[in-house]
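What follows is a set of notes on a single structure, which appears directly below.
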Amino acid sequence: MTTRLRSVVAPAALTVLCTACSGSFGMPRGASEQAQETFTLWQIFFITAIPVAGTVYVLMFWSLMRYRRRRSDGPDDLGSQRRENLPLEIVYTAIPIVIVVALFVASIRADDRVTEIVSDPDLVVKVEAFAWGWRFLYPNGVAVVSPPSGENAAEPVLMLPERRTVRVELTSNDTIHAFWMPEFLYKHDAIPGRTFEFDVTPSRIGTFQGHCAEFCGLNHAYMNFSVQVVSGAEFDAWLSEEAA
Ligand SMILES: [Cu+2]
């Protein structure tokens, strides 16, 4: 192997190995119970893809080597172009169909669990998107609002309590925006005149990034927020302090 080829192959192989060993395959692990469903689905897809890719690459290289043109071949020598093997064809048609159906069922189930909303959430937060910021409305009149838009403006903080089910009621005041929390593996459009509801049950204390993920005009790029997950007691203290 040439030095140049080695310098490309070695880091690439190492990257694949690292993501595979950690089991996350390049995806954030998810910071909520709902995100766990998405993360597990991602693992199922990736693990299924490994033997599929392996089979395809092995057969491809085997065919290239086994049936390559040889020195002894004449200019018009071609192998038989009309061969068939019915059992083999049935097998290689049936296996992908089974895989696709299984992944489809797994996806529907995961989607049901991610979008499921409970009848009695612990907290309801209204999230309003506007050009170009966010307004988070909590009970008792507590509101967190983006400062006037600009490159260096401080990001509004969406405070959430750990291990409590939070109902988010999402809407927009003007144009279409999208509420995206990458670490929570969740994104939803915010559409004026419509309210979307979803539940999020944070499972990890920490500070995470949030963005608008729908190009909505001039200062879209600065339409960021942070999500701060704190313990239930800390959250209660924060809420009553803000209310006072
Ligand atoms: Cu935007």
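Things worth noting here:
- Stokes-Einstein translational diffusion, the chain - Kirkwood Rh over all Cα pairs, 0.692 mPa s, 37 °C, in µm²/s: 148 µm²/s
- Of all DSSP bridge pairs formed entirely within the chain, close to 70 percent run antiparallel.
- Counting protein heavy atoms only, region 106-244 has 48 percent of its accessible area on carbon and sulfur, 1.4 angstrom probe.
- GNM flexibility winner over the chain from M27, M60, M223 (Cα, springs under 10 Å): M60
- Per residue accessible area of the chain, 1.4 Å probe, in Å²: 64 Å²
- Distance between modelled label sites at V157 and N85, nm, 7 Å Cα→Cβ extension: 6.4 nm
- Order by protection proxy (mean Cβ within 10 Å, highest first), peptides 99-112, 75-88: 99-112, 75-88
- The string of couplings for region 86-97 from the Karplus curve (6.51, -1.76, 1.60, θ = phi - 60°) is 4, x, 4, 5, 5, 4, 7, 8, 5, 4, x, 5 Hz, one whole number per residue in order, with x for Gly and Pro.
- Gain in span if fully extended, S231 to A53, counting 0.36 nm per residue against the direct Cα distance: 59.8 nm
- The convex hull of the Cα atoms of region 143-236, projected and averaged over all directions, covers 6.1 nm².
- Radius of gyration, Dmax [region 1-133; alpha carbons; angstrom]: 23.9, 78
- Distance between region 19-70 and region 151-206 - C-alpha centres, whole angstrom: 31 Å
- Gaussian network model of the chain, Cα within-10 Å springs - most flexible of R163, R66, R194: R66
- Distant-in-sequence amide H partners of T175 (H built 1.01 Å from N, under 5 Å): A131
- Relative contact order for the chain, counting Cα pairs under 8 Å that sit 6 or more residues apart, in percent: 20 percent
- Between 0 and 90 degrees, the angle of helix 3-22 with respect to the longest Cα principal axis of the chain falls at about 50 degrees.
- Extension gain, A102 back to F25 (0.36 nm per residue minus Cα-Cα distance, nm): 25.7 nm
- With a simple spin-label model that places each label point 7 Å from the Cα along the Cα-to-Cβ direction, the separation between R71 and A243 comes to 8.8 nm.
The values are calculated or read from the model by the stated rules, or taken from the named source; none is laboratory data. Keep in mind it's a predicted model, so treat the numbers as computed, not measured. Heads up, the Cβs are rebuilt from the backbone with ideal geometry, glycines too, and the neighbour counts pull from every protein chain shown. The accessibility values were calculated without ligands, DNA or RNA, using every heavy atom of the protein model including side chains. Shrake-Rupley method; radii C 1.70, N 1.55, O 1.52, S 1.80 Å.
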